[in-house]
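J.: Have a look at this one before I ask anything.
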Amino acid sequence: MLGVTHTIECHCVLPLYKNKSPSVYHKFAVYNKVDENGRVLSKYVNCNNCGITHFVYEICKSEIKVGKEDLPTVRRIDEVKLSLPEKLVKFLESYEVQTFVYEKIEDAISKSIYPTEIILKREIIDESHHVKIIKVTSENKFTVNTEVINTIIRGTA
């Protein structure tokens, strides 16, 4: 069973939202593995904006560890890259994906869960989501596709 990609909220604020009221806190994506019973395996992650350490213990829930910024024992992206094929790492680097993408691909390959599809990039243009998806079909075989998802349902008059 693959894990879960979800977002957690930090208490930092991106510069874009600095003067907004009420405060708009930064959210970032994380990947958590799950056990054979579907329970989330907890872990520590650093915020990709301010570096504060979060203890992620459930889907979309974390506890900030005050005074622990950029904890060096938290798994870093370059450490995840060590377990992936070089060709794949170079491709993912070209898209500048975040750690959770590497972790999900690593989990799929280590558990031989094929095919696994992971969104690399998402853009909203007009009324549609444009997504770039990597499909992992084996440890050394990948395909990349682009899809357009219309998000507006139009009624008939």
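The values are calculated or read from the model by the stated rules, or taken from the named source; none is laboratory data. Keep in mind it's a predicted model, so treat the numbers as computed, not measured. So basically every Cβ, Gly included, is an ideal-geometry build from the backbone, and we count neighbours across all protein chains shown. Note: accessible area is taken over every heavy atom of the protein model, side chains too, but ligands, DNA and RNA are not part of it. Shrake-Rupley method; radii C 1.70, N 1.55, O 1.52, S 1.80 Å.
J.: How large is the accessible surface of Val97 in square angstrom, using a 1.4 angstrom probe and rounding to the nearest 10?
T.: Result for Val97: roughly 10 Å² accessible.
J.: Looking at region 101-151, which GluC sites (Glu not before Pro) are in a loop (DSSP not H, G, I, E or B) and have at most 11 other Cβ atoms within 10 Å?
T.: Numbers: sites: Glu103, Glu106, Glu117, Glu123, Glu127, Glu139, Glu147; in loops: Glu127, Glu139.
Sites meeting the loop and neighbour criteria: Glu127.
J.: Between region 59-90 and region 1-50, what is the C-alpha centre distance in whole Å?
T.: Each part's Cα centre sits 12 Å from the other's.
J.: Go ahead and collect, in residue order, the members of region 99-130 whose backbone nitrogen is under 14 Å from a label point 7 Å along the Cα-Cβ direction of Glu147.
T.: Answer for this model: 115-123, 129-130.
J.: Pop out the carbon and sulfur fraction of the accessible area of the chain as a percent, whole number, probe 1.4 Å.
T.: Values: 5150 of 10160 Å².
In the chain, the share of accessible area belonging to carbon and sulfur is 51 percent.
J.: Between Cys60, Gly38, Val80, whose Cα lies farthest towards the positive end of the dipole of region 9-112 when Lys and Arg beta carbons carry +1 and Asp and Glu beta carbons carry -1, centred on the Cα centre?
T.: Going by the charge dipole, the pick is Cys60.
J.: Using 7 Å Cα-to-Cβ label points, what is the Asn140/Lys61 separation (nm, one decimal)?
T.: With each label placed 7 Å out from Cα toward Cβ, I get 4.4 nm.
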